[in-house]
1. Placing +1 at every Lys and Arg Cβ and -1 at every Asp and Glu Cβ, with all other atoms neutral, what dipole size does region 141-184 have around its Cα centre, in debye to the nearest 20?
2. If you take the charge dipole of the chain about its Cα centre, with +1 on Lys and Arg Cβ and -1 on Asp and Glu Cβ, which of Val287, Met67, Val113 is farthest toward its positive end?
3. Could you give each residue of region 27-43 its phi-based ³J(HN,Hα) in whole Hz, using Karplus coefficients 6.51, -1.76, 1.60 with θ = phi - 60°, and x for Gly or Pro?
4. Given a 1.4 Å probe and heavy atoms of the protein chains only, how would you sort Thr54, Thr131, largest accessible area at the top?
5. For region 129-173, list residues with backbone N below 15 Å from a point placed 7 Å from the Cα of Gln99 toward its Cβ?
6. Which Cα, out of Val34, Gln99, Val80, lies furthest along the positive dipole direction of the chain (beta carbon charges, K/R +1, D/E -1)?
7. Compute the relative contact order of the chain as a whole-number percentage, counting only Cα pairs closer than 8 Å that sit 6 or more residues apart in sequence.
8. Based on the mean of other beta carbon atoms within 10 Å per residue, what is the order of 300-306, 141-147, 156-162, most packed first?
Amino acid sequence: MTEAKSEKLVNDILKLKEERKAIVLAHNYQIGEVQDIAEFVGDSLGLSQQAAKTDAEVIVFCGVHFMAETAKILSPNKTVLMPDLNAGCAMANMITPRQLKEMKKKHPEAVVVTYVNTTAEIKAESDYCCTSANAVKVVQSIPQEKEILFIPDKYLGDFASRQANRKMILWEGYCPTHRRILAEDILKKKAQYPKAEVLVHPECTPDVIAMADKVLSTSGICRYAKESNSGEFIIGTEIGILHRLQKENPQKKFYPASNLADCSNMKLNNLEKILWSLEDMLYPVEVPPDIARRAKRSIDRMLEIV
Ligand code: 13P
Ligand code: SF4
(Lines give C-alpha, C1' and ligand atoms only; values in the text may rest on other atoms or scores of the structure.)
(Ligands and ions follow the chains in the order given, each with its own letter.)
Protein backbone atom coordinates (compact mmCIF):
# COMPACT_ATOMS: atom_id res chain seq x y z
CA MET A 1 0.00 0.00 0.00
CA THR A 2 1.34 3.49 -0.85
CA GLU A 3 1.91 5.89 2.03
CA ALA A 4 -0.78 8.29 0.74
CA LYS A 5 -3.37 5.50 0.52
CA SER A 6 -2.61 4.28 4.00
CA GLU A 7 -2.80 7.86 5.36
CA LYS A 8 -6.21 8.32 3.73
CA LEU A 9 -7.43 5.02 5.18
CA VAL A 10 -6.30 6.02 8.66
CA ASN A 11 -7.98 9.44 8.37
CA ASP A 12 -11.24 7.88 7.15
CA ILE A 13 -11.18 5.45 10.07
CA LEU A 14 -10.53 8.24 12.58
CA LYS A 15 -13.45 10.28 11.19
CA LEU A 16 -15.86 7.35 11.27
CA LYS A 17 -14.74 6.32 14.75
CA GLU A 18 -15.81 9.75 15.98
CA GLU A 19 -19.12 9.71 14.09
CA ARG A 20 -20.03 6.25 15.35
CA LYS A 21 -18.74 6.88 18.90
CA ALA A 22 -16.58 3.83 18.35
CA ILE A 23 -13.33 2.58 19.77
CA VAL A 24 -10.95 -0.02 18.40
CA LEU A 25 -9.64 -2.67 20.77
CA ALA A 26 -6.70 -4.67 19.43
CA HIS A 27 -4.89 -7.74 20.69
CA ASN A 28 -1.10 -7.66 21.01
CA TYR A 29 -0.82 -10.07 18.02
CA GLN A 30 -2.55 -7.79 15.50
CA ILE A 31 -0.58 -6.39 12.56
CA GLY A 32 1.25 -3.11 13.29
CA GLU A 33 -1.13 -0.78 11.38
CA VAL A 34 -4.09 -2.14 13.33
CA GLN A 35 -2.34 -1.78 16.69
CA ASP A 36 -1.42 1.79 15.77
CA ILE A 37 -5.01 2.98 15.23
CA ALA A 38 -6.41 1.24 18.32
CA GLU A 39 -7.53 3.06 21.50
CA PHE A 40 -6.24 0.10 23.50
CA VAL A 41 -3.83 -2.73 22.70
CA GLY A 42 -3.59 -5.55 25.20
CA ASP A 43 -3.93 -9.15 26.33
CA SER A 44 -7.20 -11.03 26.78
CA LEU A 45 -7.58 -9.86 30.37
CA GLY A 46 -6.87 -6.19 29.60
CA LEU A 47 -9.18 -6.27 26.58
CA SER A 48 -12.07 -7.69 28.59
CA GLN A 49 -11.52 -5.10 31.33
CA GLN A 50 -11.53 -2.30 28.72
CA ALA A 51 -14.68 -3.71 27.10
CA ALA A 52 -16.39 -3.73 30.49
CA LYS A 53 -15.55 -0.13 31.32
CA THR A 54 -15.68 1.84 28.05
CA ASP A 55 -18.60 4.17 27.41
CA ALA A 56 -18.18 4.04 23.65
CA GLU A 57 -21.29 2.87 21.79
CA VAL A 58 -19.44 0.67 19.35
CA ILE A 59 -16.42 -1.58 19.90
CA VAL A 60 -14.52 -2.67 16.81
CA PHE A 61 -12.77 -5.75 18.10
CA CYS A 62 -9.53 -6.69 16.36
CA GLY A 63 -8.56 -10.07 17.71
CA VAL A 64 -10.27 -13.43 17.40
CA HIS A 65 -13.88 -14.48 17.86
CA PHE A 66 -13.81 -15.56 21.54
CA MET A 67 -12.37 -12.17 22.50
CA ALA A 68 -15.15 -10.25 20.72
CA GLU A 69 -17.71 -12.58 22.26
CA THR A 70 -16.27 -11.88 25.73
CA ALA A 71 -16.55 -8.14 25.04
CA LYS A 72 -20.21 -8.59 24.01
CA ILE A 73 -20.96 -10.61 27.16
CA LEU A 74 -19.47 -7.85 29.31
CA SER A 75 -21.08 -5.01 27.33
CA PRO A 76 -24.40 -6.41 26.08
CA ASN A 77 -25.82 -2.99 25.26
CA LYS A 78 -22.91 -2.04 23.01
CA THR A 79 -22.47 -2.99 19.41
CA VAL A 80 -19.41 -5.22 19.12
CA LEU A 81 -18.09 -5.58 15.58
CA MET A 82 -15.53 -7.98 14.14
CA PRO A 83 -13.94 -6.72 10.91
CA ASP A 84 -13.58 -10.35 9.76
CA LEU A 85 -15.86 -13.03 11.17
CA ASN A 86 -13.50 -15.79 10.03
CA ALA A 87 -10.98 -14.85 12.72
CA GLY A 88 -11.46 -17.83 15.00
CA CYS A 89 -9.10 -19.49 17.48
CA ALA A 90 -7.93 -23.03 16.70
CA MET A 91 -7.63 -23.87 20.39
CA ALA A 92 -11.15 -22.64 21.19
CA ASN A 93 -12.47 -25.14 18.63
CA MET A 94 -10.78 -28.07 20.40
CA ILE A 95 -13.59 -28.61 22.89
CA THR A 96 -17.32 -28.75 22.18
CA PRO A 97 -20.17 -28.27 24.70
CA ARG A 98 -21.08 -31.95 24.27
CA GLN A 99 -17.55 -33.06 25.18
CA LEU A 100 -17.50 -30.78 28.20
CA LYS A 101 -20.88 -32.05 29.41
CA GLU A 102 -19.59 -35.64 29.14
CA MET A 103 -16.47 -34.71 31.08
CA LYS A 104 -18.59 -33.06 33.79
CA LYS A 105 -20.71 -36.22 34.06
CA LYS A 106 -17.54 -38.25 34.64
CA HIS A 107 -16.32 -35.78 37.31
CA PRO A 108 -19.53 -34.42 38.85
CA GLU A 109 -17.75 -32.84 41.84
CA ALA A 110 -15.04 -31.10 39.82
CA VAL A 111 -14.75 -27.31 39.56
CA VAL A 112 -14.44 -26.35 35.88
CA VAL A 113 -11.76 -23.72 35.20
CA THR A 114 -11.91 -22.54 31.62
CA TYR A 115 -9.30 -20.61 29.71
CA VAL A 116 -10.82 -17.51 28.07
CA ASN A 117 -9.84 -19.02 24.68
CA THR A 118 -13.19 -20.86 24.44
CA THR A 119 -16.65 -20.20 23.01
CA ALA A 120 -19.38 -18.52 25.08
CA GLU A 121 -21.22 -21.86 25.22
CA ILE A 122 -18.24 -23.49 26.91
CA LYS A 123 -17.90 -20.60 29.36
CA ALA A 124 -21.60 -21.00 30.16
CA GLU A 125 -20.87 -24.56 31.29
CA SER A 126 -17.92 -23.47 33.47
CA ASP A 127 -17.41 -22.31 37.03
CA TYR A 128 -14.45 -20.00 36.53
CA CYS A 129 -12.90 -18.32 33.53
CA CYS A 130 -9.18 -17.44 33.51
CA THR A 131 -6.65 -15.87 31.18
CA SER A 132 -2.94 -16.50 30.76
CA ALA A 133 -2.36 -13.54 33.11
CA ASN A 134 -4.29 -15.02 36.05
CA ALA A 135 -4.65 -18.81 35.56
CA VAL A 136 -2.38 -19.53 38.54
CA LYS A 137 -4.26 -17.11 40.82
CA VAL A 138 -7.64 -18.53 39.81
CA VAL A 139 -6.47 -22.11 40.45
CA GLN A 140 -5.00 -21.07 43.82
CA SER A 141 -8.32 -19.49 44.84
CA ILE A 142 -10.14 -22.84 44.67
CA PRO A 143 -10.30 -24.79 47.97
CA GLN A 144 -7.58 -27.43 48.17
CA GLU A 145 -9.95 -30.37 48.57
CA LYS A 146 -11.81 -29.64 45.30
CA GLU A 147 -11.01 -31.52 42.12
CA ILE A 148 -10.28 -29.18 39.17
CA LEU A 149 -11.07 -29.79 35.53
CA PHE A 150 -8.94 -27.37 33.47
CA ILE A 151 -9.94 -26.75 29.84
CA PRO A 152 -8.96 -26.58 27.02
CA ASP A 153 -5.20 -25.81 27.04
CA LYS A 154 -3.15 -28.70 28.41
CA TYR A 155 0.05 -26.64 28.37
CA LEU A 156 -1.36 -23.65 30.27
CA GLY A 157 -3.04 -26.19 32.56
CA ASP A 158 0.26 -27.98 33.16
CA PHE A 159 2.00 -24.66 33.89
CA ALA A 160 -0.74 -23.52 36.32
CA SER A 161 -0.73 -26.93 37.96
CA ARG A 162 3.02 -26.78 38.66
CA GLN A 163 2.94 -23.16 39.82
CA ALA A 164 -0.01 -23.70 42.15
CA ASN A 165 1.28 -27.15 43.17
CA ARG A 166 -2.11 -28.58 42.38
CA LYS A 167 -3.06 -31.73 40.49
CA MET A 168 -5.70 -31.07 37.84
CA ILE A 169 -7.56 -32.98 35.15
CA LEU A 170 -6.41 -31.47 31.85
CA TRP A 171 -8.19 -31.39 28.51
CA GLU A 172 -6.11 -32.32 25.43
CA GLY A 173 -6.29 -28.91 23.71
CA TYR A 174 -3.38 -26.67 22.73
CA CYS A 175 -2.48 -23.71 20.53
CA PRO A 176 -1.01 -24.87 17.19
CA THR A 177 0.81 -21.54 16.80
CA HIS A 178 2.66 -21.82 20.11
CA ARG A 179 3.36 -25.51 19.56
CA ARG A 180 5.45 -24.53 16.55
CA ILE A 181 8.01 -22.97 18.92
CA LEU A 182 10.47 -25.76 19.71
CA ALA A 183 12.98 -26.18 22.52
CA GLU A 184 15.70 -26.40 19.87
CA ASP A 185 14.64 -22.95 18.56
CA ILE A 186 15.24 -21.50 22.02
CA LEU A 187 18.60 -23.30 22.26
CA LYS A 188 19.71 -21.91 18.89
CA LYS A 189 18.62 -18.37 19.76
CA LYS A 190 20.32 -18.56 23.16
CA ALA A 191 23.57 -19.61 21.48
CA GLN A 192 23.21 -16.69 19.05
CA TYR A 193 22.24 -14.10 21.70
CA PRO A 194 23.70 -15.31 24.99
CA LYS A 195 22.87 -12.10 26.88
CA ALA A 196 19.17 -12.13 25.94
CA GLU A 197 16.45 -12.93 28.44
CA VAL A 198 13.96 -15.58 27.32
CA LEU A 199 10.30 -14.53 27.73
CA VAL A 200 7.63 -17.05 26.73
CA HIS A 201 3.86 -17.42 26.82
CA PRO A 202 2.35 -20.22 28.96
CA GLU A 203 0.69 -21.70 25.84
CA CYS A 204 4.18 -22.96 24.89
CA THR A 205 5.09 -26.61 25.46
CA PRO A 206 6.56 -27.60 28.87
CA ASP A 207 10.08 -28.10 27.42
CA VAL A 208 10.05 -24.53 26.03
CA ILE A 209 8.66 -23.19 29.31
CA ALA A 210 11.45 -24.98 31.20
CA MET A 211 14.03 -22.95 29.27
CA ALA A 212 12.41 -19.56 29.89
CA ASP A 213 13.52 -16.83 32.29
CA LYS A 214 9.92 -15.61 32.56
CA VAL A 215 6.54 -17.09 31.59
CA LEU A 216 4.02 -14.31 31.03
CA SER A 217 0.82 -13.28 29.25
CA THR A 218 1.32 -11.10 26.17
CA SER A 219 0.86 -7.86 28.13
CA GLY A 220 3.02 -9.32 30.91
CA ILE A 221 5.80 -9.77 28.32
CA CYS A 222 5.39 -6.12 27.22
CA ARG A 223 5.46 -4.87 30.81
CA TYR A 224 8.48 -6.97 31.75
CA ALA A 225 10.48 -5.96 28.65
CA LYS A 226 9.99 -2.29 29.56
CA GLU A 227 10.97 -2.69 33.21
CA SER A 228 13.89 -5.10 32.80
CA ASN A 229 17.45 -3.81 32.68
CA SER A 230 18.26 -6.23 29.86
CA GLY A 231 18.71 -4.85 26.38
CA GLU A 232 17.92 -8.06 24.48
CA PHE A 233 15.08 -10.56 24.59
CA ILE A 234 14.13 -13.83 22.90
CA ILE A 235 10.34 -13.82 22.55
CA GLY A 236 8.49 -17.13 22.66
CA THR A 237 5.02 -16.18 21.52
CA GLU A 238 3.12 -15.12 18.39
CA ILE A 239 5.29 -12.79 16.30
CA GLY A 240 2.74 -9.94 16.06
CA ILE A 241 3.81 -8.85 19.55
CA LEU A 242 7.20 -7.74 18.23
CA HIS A 243 5.63 -4.60 16.75
CA ARG A 244 4.52 -3.33 20.17
CA LEU A 245 7.72 -4.44 21.90
CA GLN A 246 9.92 -2.63 19.38
CA LYS A 247 7.69 0.48 19.33
CA GLU A 248 7.72 0.82 23.12
CA ASN A 249 11.41 -0.01 23.50
CA PRO A 250 13.22 1.37 20.45
CA GLN A 251 16.61 1.04 22.14
CA LYS A 252 16.17 -2.67 22.98
CA LYS A 253 16.43 -5.73 20.73
CA PHE A 254 13.79 -8.43 20.34
CA TYR A 255 14.32 -11.76 18.59
CA PRO A 256 11.39 -14.08 17.81
CA ALA A 257 12.00 -17.60 19.12
CA SER A 258 10.48 -18.85 15.85
CA ASN A 259 9.13 -17.03 12.82
CA LEU A 260 6.69 -19.90 12.39
CA ALA A 261 4.72 -18.70 15.42
CA ASP A 262 2.36 -16.73 13.21
CA CYS A 263 -1.39 -17.02 13.96
CA SER A 264 -3.14 -16.67 10.60
CA ASN A 265 -6.48 -15.90 12.28
CA MET A 266 -5.04 -12.96 14.16
CA LYS A 267 -3.69 -11.62 10.88
CA LEU A 268 -7.06 -11.49 9.09
CA ASN A 269 -7.80 -7.95 10.27
CA ASN A 270 -6.43 -4.97 8.39
CA LEU A 271 -7.15 -1.26 7.90
CA GLU A 272 -9.48 -1.77 4.91
CA LYS A 273 -11.64 -4.24 6.84
CA ILE A 274 -11.80 -1.89 9.85
CA LEU A 275 -13.01 0.91 7.58
CA TRP A 276 -15.67 -1.32 5.96
CA SER A 277 -16.68 -2.50 9.38
CA LEU A 278 -17.27 1.08 10.56
CA GLU A 279 -18.98 2.10 7.32
CA ASP A 280 -21.54 -0.71 7.28
CA MET A 281 -21.50 -1.74 10.96
CA LEU A 282 -20.08 -5.17 10.08
CA TYR A 283 -20.00 -7.83 11.53
CA PRO A 284 -22.00 -7.60 14.74
CA VAL A 285 -21.23 -10.29 17.32
CA GLU A 286 -24.26 -11.65 19.18
CA VAL A 287 -24.47 -14.07 22.09
CA PRO A 288 -27.86 -15.60 23.01
CA PRO A 289 -29.00 -14.01 26.31
CA ASP A 290 -29.18 -17.25 28.31
CA ILE A 291 -25.68 -18.32 27.27
CA ALA A 292 -24.36 -14.79 27.87
CA ARG A 293 -25.83 -14.71 31.38
CA ARG A 294 -24.29 -18.05 32.37
CA ALA A 295 -20.94 -17.30 30.66
CA LYS A 296 -20.78 -13.93 32.43
CA ARG A 297 -20.87 -15.63 35.82
CA SER A 298 -17.59 -17.41 35.11
CA ILE A 299 -15.98 -14.22 33.74
CA ASP A 300 -17.19 -12.13 36.70
CA ARG A 301 -15.77 -14.68 39.13
CA MET A 302 -12.39 -14.30 37.42
CA LEU A 303 -12.58 -10.49 37.45
CA GLU A 304 -13.39 -10.58 41.19
CA ILE A 305 -10.23 -12.61 41.85
CA VAL A 306 -7.99 -10.18 39.94
P1 13P B 1 -2.99 -13.33 26.09
O2 13P B 1 -4.20 -13.29 26.94
O3 13P B 1 -1.73 -13.59 26.86
O4 13P B 1 -2.88 -12.11 25.25
O5 13P B 1 -3.10 -14.59 25.12
C6 13P B 1 -4.12 -14.73 24.18
C7 13P B 1 -3.79 -15.71 23.15
O8 13P B 1 -4.59 -16.02 22.28
C9 13P B 1 -2.49 -16.30 23.17
O10 13P B 1 -2.31 -17.14 22.07
FE1 SF4 C 1 -5.80 -19.10 19.38
FE2 SF4 C 1 -3.23 -19.72 19.34
FE3 SF4 C 1 -4.12 -17.87 17.67
FE4 SF4 C 1 -3.96 -17.38 20.32
S5 SF4 C 1 -2.28 -17.74 18.90
S6 SF4 C 1 -5.66 -16.90 18.97
S7 SF4 C 1 -4.49 -19.40 21.15
S8 SF4 C 1 -4.69 -20.06 17.69
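The values are calculated or read from the model by the stated rules, or taken from the named source; none is laboratory data. The shown structure was predicted, so the numbers you read here are calculated from the model rather than taken from an experiment. Positions of Cβ are backbone-derived with ideal geometry, glycine not excepted, and every protein chain shown enters the neighbour counts. Heavy atoms of the whole protein, side chains included, go into the accessibility calculation; ligands, DNA and RNA do not. Shrake-Rupley method; radii C 1.70, N 1.55, O 1.52, S 1.80 Å.
1. On the way: 7 positive and 6 negative charges, 13 e Å.
It works out to roughly 60 debye.
2. The listed residue farthest towards the positive side: Val113.
3. 7, 4, 8, 5, 5, x, 4, 6, 4, 5, 9, 7, 6, 8, 10, x, 8
4. Working: Thr54 25, Thr131 5 Å².
Final ranking, largest accessible area leading: Thr54, Thr131.
5. Within reach of a label on Gln99, which here means backbone N under 15 Å from a point 7 Å along Cα→Cβ, region 129-173 contributes 150-157, 170-173.
6. Gln99
7. Details: 600 pairs, mean separation 71.4, N = 306.
Computed value for the chain: 23 percent relative contact order.
8. Numbers: 300-306: 15.4, 141-147: 11.1, 156-162: 21.9.
Packing proxy ranking, top to bottom: 156-162, 300-306, 141-147.
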